[in-house]
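The next block holds one structure in the form of structure tokens; read it before the comments.
The values are calculated or read from the model by the stated rules, or taken from the named source; none is laboratory data. Remember, it's a predicted structure, so these values are computed and weren't measured experimentally. Neighbour counts are summed over all protein chains in view; Cβ atoms, including those assigned to glycine, are modelled from backbone coordinates with ideal geometry. Surface accessibility is based on the protein's heavy atoms, side chains included, excluding ligands, DNA and RNA. Shrake-Rupley method; radii C 1.70, N 1.55, O 1.52, S 1.80 Å.
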Amino acid sequence: MHSPDEADACVQELRVALAAHGITLPSLGLDLPALASRPARPLITLGACNLLTAQALAAALRQGAA
């Protein structure tokens with residue numbers, strides 16, 4: 001089981017990795033109801049993004065897979 005601190009660190013790592021590709025997901029964060037559950041089961045919310053951000057994310061993933 002992962003701790004809330006591990007989940008928060010993962011969010012920060014993902015935010016930095018996305019920023020390296022010029023991608024910002026404004027809603028990126030921890031899912032608070034999941035953290036409040038017992039036992040805590042941290043989930044990361046990627047959130048909504050516009051079409052340009054989705055296209056940039058898809059391109060970065062394709063590039064990374066190559």
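Here are the numbers for this structure:
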| item | result |
| --- | --- |
| Where His2 falls short, out of the listed (1) more than 12 Å from the chain's Cα centre (by Cα); (2) open to solvent by less than 50 Å² (accessible area, probe 1.4 Å) | (2) |
| Members of the stretch 15-60 that are part of a helix (DSSP H, G or I) and in contact with a His (Cβ under 9 Å, 6 or more places away or on another chain) | Ala56, Leu57, Ala59, Ala60 |
| Unmet requirement for Arg41, which otherwise passes all of (1) touching a Pro at 6+ places or on another chain (Cβ under 8 Å); (2) touching a residue at least 40 places away in the same chain (Cβ under 8 Å) | (1) |
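Yes/no matrix, rows are residues, columns are (1) under 12 Å from the mean Cα position of the chain (by Cα); (2) open to solvent by less than 80 Å² (accessible area, probe 1.4 Å); (3) aliphatic (A, V, I, L, M):
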{"site": "Asp8", "(1), (2), (3)": "yes, yes, no"}
{"site": "Glu13", "(1), (2), (3)": "yes, no, no"}
{"site": "Leu25", "(1), (2), (3)": "yes, yes, yes"}
{"site": "Asp31", "(1), (2), (3)": "yes, yes, no"}
{"site": "Arg38", "(1), (2), (3)": "no, no, no"}
{"site": "Leu43", "(1), (2), (3)": "yes, no, yes"}
{"site": "Leu46", "(1), (2), (3)": "yes, no, yes"}
{"site": "Leu52", "(1), (2), (3)": "no, no, yes"}
